[in-house]
């Protein structure tokens, strides 16, 4: 039953994507209000889905890969809704919707919604650690989206070939400021997530810990290089995409190994 | 009852012909002398048009004669290329004109202001009555809708506006940008003015002749920089506008590379409108440097024009909807009038006082 809300949410994000594609094809590009409304509706359906699932489980709904992806998609939409008031009019929604759509379609199609008998009692530190990390991933996802927008804008300016989308992208310096801010927020949340993991009272798999700390170091290195002006903005934008890809791989690895451990 | 438009424009007449018909009449004089119930004269550098409402058919020749300057030409043997639109064609034409679709540069917005001015002038003189009032108010509404719902006015189409548009795409607001103008030519002055109009305040001007640099600096509100010092300025500035008469490139990638490493997080936008070019094209390969020469600026302008052309169909669709709906509503009023009802005064049906 709760899946219907996730399906409804996915349809909203699909509508935003289709609308963007149609507008791009006709070159009459005004996706802003429609996209914001579609994403807003999608976010409401996501929230209802997570709430119902959480009530049924009696805990934070991140017990399998399906729920983790749904929670991550919710985090991305949440951060967009927070960052959105400043940037939604400049196309960020058009880039956010496809990512959320991909995450949710994967979650719905892949056979990953396996229900488990919850034998472990609710551990609030563990739930805090996992949800905080996922929200941090949502922020990194938005940084990745801003990175894609930066690279698109930068390439058009360098090659002198301006597509109609050019006029709707935020200025380069504004985009870079957004990327920097998102990286700092994501890094701070991720640090809190990692640190809280040590208070769970459960022994954590060494591979997961090493990979998570590796990702933390990757983002720390990007921020340090940005702070010391070692990297050009274009490279920082590219690293945001690489960083989020690594985060997704890590997330899948963590959840996958957790599922393996559950198999009797 | 007739609603019609008689005029000529850049589509049908060259400037020599157009100037013979500009400035010789007013809306009020046309209305009085030709016998129109309402009249409005729209005169711009690209068109001379009369929009009128009359109770009997008034020939194009009558309007033409009234518009023509008193010259030695025999008006009976002179046939200027006037066009005439009636009823819904007239409505459609005005909507196209007000939306910038009939302009030389498609989508330009100046015509909107000019049409408003013409309307105000005719209204003040009493030449505009309820019908033209309603027609022009709708035309302004349609023009706004076309601009909002299409990309018809998107993109810059002159050197100055392209430079400003690109600078805004890179830096956002230009208030904090430092600009160095190298060379004090006419185009650089126009481009500098365009940048200043968008908020640039830190302006430096350098020229081989320091006096000319001072003159331009004074004109645009900047400060003159000795020509020997301009390269050092590249460490600080955000925008370089160059247009000297130098035969050799003044700025090469070897000169700029060490500086661009120091300013990795600050982009440098270079507008090189000099021919031959002042800046080595390889400079564009440097990280964070965006070089536009005169050809690439023209190319951007052409892309903007092409983009605008692609919007014409969407704009025409909006206009078509309004034409049908508007003409249906106004023709009811016109027919009533032609059946013997007095010309309605403002406040009577079919035009409501609230529309005024």
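The values are calculated or read from the model by the stated rules, or taken from the named source; none is laboratory data. Nothing here was measured: the structure is a model prediction, and the numbers come from that model. All Cβ positions, glycine included, derive from the backbone under ideal geometry; neighbour counts span all protein chains shown.
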Item checked: Among (1) at negative phi; (2) more than 10 Å from chain A (Cβ to nearest Cβ) - the single one residue B:183 does not satisfy -> (1)
Item checked: Failed criterion for residue B:149 (all others in (1) within 14 Å of chain A (Cβ to nearest Cβ); (2) modelled with pLDDT of 90 or more; (3) over 30 Å from residue B:290 (Cβ atoms) hold) -> (2)
Next item on the list: Within region B:258-314, count every residue that is free of Cβ contacts under 8 Å to residues at least 24 places away in the same chain, out of contact with any strand residue (DSSP E or B) (no Cβ under 9 Å at 6 or more places or on another chain) and outside any helix (DSSP H, G or I).
Entry: 1
Checklist line | Residue count, region B:176-192 (criterion: modelled with pLDDT of 90 or more and surrounded by fewer than 20 Cβ atoms within 10 Å (Cβ to Cβ)) | finding: 2
Item checked: Selected residue (only one of A:70, A:38 is surrounded by 17 or more Cβ atoms within 10 Å (Cβ to Cβ), under 21 Å from residue A:168 (Cβ atoms) and at pLDDT 90 or above) -> A:38
Next item on the list: Kindly indicate whether any position in region A:186-206 is modelled with pLDDT of 90 or more and within 14 Å of chain B (Cβ to nearest Cβ).
Entry: no
Item checked: Residue identified as surrounded by fewer than 16 Cβ atoms within 10 Å (Cβ to Cβ), modelled with pLDDT under 95, over 30 Å from residue A:234 (Cβ atoms) and at the interface with chain A (Cβ under 10 Å from one of its Cβ atoms) among B:317, B:313 -> B:313
Checklist line | Subset of region B:253-299 [under 22 Å from residue B:185 (Cα atoms), touching a helix residue (DSSP H, G or I) at 6+ places or on another chain (Cβ under 7 Å) and more than 14 Å from chain A (Cβ to nearest Cβ)] | finding: B:273, B:275, B:280
Notebook entry, point to check: residue A:152 is checked against (1) in contact (Cβ under 8 Å) with a residue 12 or more places away in the chain; (2) surrounded by 20 or more Cβ atoms within 10 Å (Cβ to Cβ); (3) within 30 Å of residue B:310 (Cα to Cα) and fails just one. What number does that condition carry?
Noted result: (2)
Next item on the list: Out of A:175, A:223, report the one residue that is assigned to a helix (DSSP H, G or I), within 14 Å of chain B (Cβ to nearest Cβ) and surrounded by fewer than 18 Cβ atoms within 10 Å (Cβ to Cβ).
Entry: A:223
Notebook entry, point to check: What about residue B:25, is it in contact with a helix residue (DSSP H, G or I) (Cβ under 8 Å, 6 or more places away or on another chain) and over 23 Å from residue B:314 (Cα atoms)?
Noted result: yes
Item checked: Counted residues, region B:159-175 - those being in a loop (DSSP other than H, G, I, E, B) and either in contact with a strand residue (DSSP E or B) (Cβ under 8 Å, 6 or more places away or on another chain) or buried (at least 18 other Cβ atoms within 10 Å of the Cβ) (or both) -> 1
